[in-house]
There are 2 protein chains.
Amino acid sequence: MRDFLPADVRRRTYAIGVIRGVYERYGFEPLETPAVENIETLLGKYGDEGNQLIFKILKRGEHEASGQADLALRYDLTVPLSRVVAEHRSTLPKFFKRYQIQPVWRADRPARGRFREFFQCDVDAMGSTSPVVEAELCAAACEAMQALGFGDAVLRLNHRAVLGGVLEVAGVPTDRHGDALVALDKLDKIGLDGVKVEYEKRGLSPAVADTVLGILGSAAVSGAVAADNAVALDRVEAFVAGHEKAVAGIANIREVLALAARTPAAAQLRVDLSLARGLSYYTGCIMEMTVPDLAGSLGGGGRYDDLVGMFLGQQVPAAGFSLGLERILVVMGERAMFPAHITATAADVLIAQWNAATAGDALALAHELRAGHLRVEVYPDADKLGKQFKYAASTGVPLVVIEGDDERAASELTVKDLRTGDQQRLPRANAANRLREMLG
Amino acid sequence: MRDFLPADVRRRTYAIGVIRGVYERYGFEPLETPAVENIETLLGKYGDEGNQLIFKILKRGEHEASGQADLALRYDLTVPLSRVVAEHRSTLPKFFKRYQIQPVWRADRPARGRFREFFQCDVDAMGSTSPVVEAELCAAACEAMQALGFGDAVLRLNHRAVLGGVLEVAGVPTDRHGDALVALDKLDKIGLDGVKVEYEKRGLSPAVADTVLGILGSAAVSGAVAADNAVALDRVEAFVAGHEKAVAGIANIREVLALAARTPAAAQLRVDLSLARGLSYYTGCIMEMTVPDLAGSLGGGGRYDDLVGMFLGQQVPAAGFSLGLERILVVMGERAMFPAHITATAADVLIAQWNAATAGDALALAHELRAGHLRVEVYPDADKLGKQFKYAASTGVPLVVIEGDDERAASELTVKDLRTGDQQRLPRANAANRLREMLG
């Protein structure tokens, strides 16, 4: 877990602002949930690996010594959302579209762009099974990436029912589907041969592994994206022919592609039958955002129609997409994608302290300049002016203002522009306006 | 701990934005630290009561069963800041002025405006012992309150050395000062008689208690604030005459008052010798913000010159102020202080779905309107129009747009203004401009 110093926070705030702006244009509303959930809310929602990575909080009071944990840190934003929808169902709109930009915690091994505390930027739409929902999520995620400056992001698309159908037709027993998907999810990291080894370890025959990977793991053909997508869907359709759920899943993917055709997602959606997604709660379309220069994804999502029902006892269809802020920031930093203005300094003006006896004058001047919408720092100690200028130069503040005895007598101020070295006197009255002009 | 539904988040975002804006005009820079700290960083910094209220996180892996905790949730923003300053000393400016607006967690019993997860809005200035620092903190805190609309906030001011001097002169043994201050800190809640009972419990004689409370607990005289402040300081100065540290503390309070005289804090600063502040790390001036209609404080702060040294082994003078967001929001809600515009709905426009076959057209239109800076929701299901209008009315969206077969043939759209009931046709081209005009 990391500290974010001012320059970091400014970059994060910029990226969050861009993403939030896009999410709001798509009609998503803000939601925030507590960092801490009851431990039962989280356990059993993320698969075995997920359970292991949840940070658990000791029960208070007399039970503390027993090591019993009753609370846990939020592991993602989707399960808390599902709990909220179950709890507040009667007060929320029928189609609840929310965005949520908050940290989550996983006791994972850190890697590049992977941390134990990281922010997710989620959009989810509750209440509809329409493929319009998936198309809108894909469009919002792609537009957010474009607004950040990512022209080359790819949004991979698959469907859990298609995966299930392929596994079934290939002869993988139903109770091994979870294992088979977890191994497939590692394809990016360990390659086809690695997945085969994993399959063998889990007792799947080499022949079955070859069949599954021959369909799901085949590389994309080299054509236009839309053509590739059509080829991939046709091929898997031929393989699962007659498997009702898989065929419906393929039709669902085709609907999403057609609906997204005139949205910002159009050029970025690519059918990738090997996409599995690690989390266990997905039930329909699954998506993952990637860029060429970072292994792993910058975000992902999908449909999870059963999750709210685990809290409510009544099904509420749902789908969502989550952008991972830290990994996005890592790539943006490496590619120098941040606009220059967000590395601004803390203050526009530093007011030097002439001497301790006139420190009250410095504070009164600061008040006046702040009321004039300037960001003003007052040098706190009555140090020599040379030392104060040295400090100013070290902070990057553009203007230093001095109200010495001469200036006071003449109702003037001295302003030094540290960017040019120029120094001038200006009238004390309406100084804020003049200083704002100098800042440009 | 609570969920914040969209209307809550909008109110919180508004208040945070106002406070952040003021802090930035004072030249404070943003800092963010992780929610989780090493447990040793937190233990022993907040006094015994504080230690009890820290949420502890189970160590991972094999130690999990042992109940051993190695991490803990952030209890305030001051101790993490001190750790950051110690860790990053070489890269931070000599006078590091930072603001930090993040949640903290305390396993406290909840009360009105008191929660187990709550946001603090902190400003701190590191590196100077000048009273300019305290004056600027008081000004920033008061200006933030004024910007939120609080005209009647009072910023109470006291000094740890004055408290220590009074206790010493009254005959309280040095090793009982902590106890005496903890009891005094409850004066607001339990009254003078309650504090006397606490003092007796802790073995302080009734005579000593009377002396201490006679000086520290006497009600403010009824005069102008500045006159009251002078009276209080003169009276305590007479009592501690000759006690060097207490006399210096009184001089320090007078300096801060003089420096703040031409800042937004001027009319709100009130010397209150009974102010003790619960936290153990304060070393100089202490402050607390109150309003008449809420028991307890909306914020507080003070000087803590020794805290960074506990991490760095080298003293770095420091002072800070923390506004409590939740309590501020409670009072703002009760007083109806939120501007009307922040209760805005999620979307400006709802695009109705004419039928499933034309859903792609609806998404294309949505894309166009969003590019025109409108916040647009698309109705996801191909429900009857009446049902769609009913939904629109329930969400409060002002405009509903329909592109039916007739409209499409005429290159037009139908727009219904739900605020007036008016319905009209408008050209499909440049619809975003026309809709923005209708929204006003």
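The values are calculated or read from the model by the stated rules, or taken from the named source; none is laboratory data. Not measured: the values here are computed from a predicted model. With ideal geometry, Cβ positions are generated from the backbone for all residues, glycine too; neighbour counts draw on all protein chains shown. In case anyone asks, the SASA skips ligands and DNA or RNA and just uses the protein heavy atoms, side chains included. Shrake-Rupley method; radii C 1.70, N 1.55, O 1.52, S 1.80 Å.
Annotations for the structure displayed:
- Out of every Cα-Cα pair that the range A:345-439 contains, those further apart than 24 angstrom amount to 8 percent.
- Positive minus negative residues near B:G165 (Lys, Arg vs Asp, Glu; Cβ under 14 Å): 0
- Spin-label model distance (nm) - A:A364 vs B:S218, 7 Å beyond Cα toward Cβ: 3.2
- Here the calculated FRET efficiency for B:H177 and B:E244, from their Cβ-Cβ distance with R0 = 22 Å, stands at 0.85, rounded to the nearest 0.05.
- Estimated FRET transfer efficiency (B:R436, B:V231; beta-carbon r; R0 60 Å; 0.05): 0.50
- Taking each residue as 0.36 nm, the span from A:I342 to A:S90 lengthens on full extension beyond its C-alpha to C-alpha distance by 86.5 nm.
- Solvent exposure of the range B:345-439, expressed per residue, is 44 Å² of accessible area, with all protein chains present and a 1.4 angstrom probe.
- Between the amide H of B:F4 and those of A:E32, A:T33, distances stay under 5 Å, these residues lying 5 or more places away or on another chain, with hydrogens modeled in the peptide plane.
- The protein assembly as shown - charge dipole about Cα centre, Lys and Arg +1 at Cβ, Asp and Glu -1, debye rounded to 20: 420
- Ligands, DNA and RNA excluded, the heavy atoms of A:I215 present near 20 Å² of accessible surface to a 1.4 Å solvent probe.
- Placing pseudo-labels 7 Å out from each Cα toward the beta carbon at A:D3 and A:Q52 gives an inter-label distance of 3.3 nm.
- Loss of accessible area when A meets B, both sides summed, Å² nearest 100, probe 1.4 Å: 6900
- Estimated FRET transfer efficiency when R0 is 22 angstrom, pair B:K390-B:A356 (beta carbons, to 0.05): 0.70
- Here the relative contact order of the range A:230-364, from alpha carbon pairs under 8 Å that lie six or more residues apart, stands at 12 percent.
- Among the trypsin sites (Lys or Arg not before Pro) in the range A:306-384, those placed in a DSSP loop whose Cβ has at most 14 other Cβ atoms within 10 Å are A:R335, A:K384.
- Stokes-Einstein D (µm²/s) once Rh is taken as the Kirkwood radius of chain A over alpha-carbon pairs, at 37 °C in 0.692 mPa s: 130
- Its relative contact order, with pairs defined as Cα atoms under 8 Å and 6+ residues apart, puts the range A:139-264 at 38 percent.
- Taking a ≥ b ≥ c as the square roots of the eigenvalues of the Cα gyration tensor, an a/c ratio of 1.5 or more together with a/b larger than b/c marks the protein assembly as shown as prolate.
- Per residue, the accessible area of the range A:98-216 comes to 36 Å², computed with a 1.4 Å probe over protein heavy atoms only.
- Averaged over the residues of peptide B:100-110, the number of Cβ atoms from other protein chains lying within 10 Å of each residue's Cβ is 2.
- Shielded by partner chains, the range B:356-398 residues - at least 30 Å² of accessible area, 1.4 Å probe, vs chain alone: B:G360, B:L363, B:A364, B:H367, B:R370, B:R375, B:E377, B:P380, B:D381, B:Y391
- Each residue, A:D305 and A:E24, gets one label point 7 Å from its Cα in the Cβ direction; the gap between the two is 3.4 nm.
- Sorting the segments A:41-49, A:313-321 by their mean number of nearby beta carbons within 10 angstrom, highest to lowest, gives A:313-321, A:41-49.
- Ranking A:I253, A:L216, A:L273 by how far each Cα lies toward the positive end of the dipole of the range A:145-277 (charges on Cβ) leaves A:I253 at the top.
- Rounded Å value of the spacing that divides the Cα centres of the range A:145-204 and the range B:8-73: 38
- Estimated from helices alone, the mean residue ellipticity of chain A at 222 nm is -13000 deg cm²/dmol (sum of -39500 (n - 2.57) over DSSP H runs with n ≥ 4, per residue).
- Normalised contact order of chain B, rounded percent, pairs of Cα under 8 Å and 6 or more residues apart: 16
- Computed about its Cα centre, the charge dipole of chain A is approximately 300 debye, with only Lys, Arg, Asp and Glu carrying charge at their Cβ.
- Taking a sphere under 13 Å around the Cβ of A:A248 and counting the other residues whose Cβ falls inside, with K and R at +1 and D and E at -1, yields a net charge of +1.
- Per-residue shielding of B:255-261, expressed as the average number of other chain Cβ atoms within 10 Å of the residue Cβ, stands at 3.
- The range B:403-438 and the range A:274-298 have Cα centres lying 39 Å from one another.
- Dipole magnitude of the range B:1-46, debye to nearest 20 (Cβ charges: Lys/Arg +1, Asp/Glu -1, about Cα centre): 320
- Axis-nearest residue of A (beta carbon) for the A-onto-B rotation, whole Å: A:G67, 1
- Neighbour net charge for B:E437 - beta-carbon separation under 13 angstrom, K R +1, D E -1: 0
- Extension gain, B:R202 to B:A409, is 65.8 nm, computed as 0.36 nm per intervening residue step minus the present C-alpha separation.
- Ascending list, in nanometres, of distances separating the A:E200 label from those of the other copies (7 Å, Cα toward Cβ): 8.3
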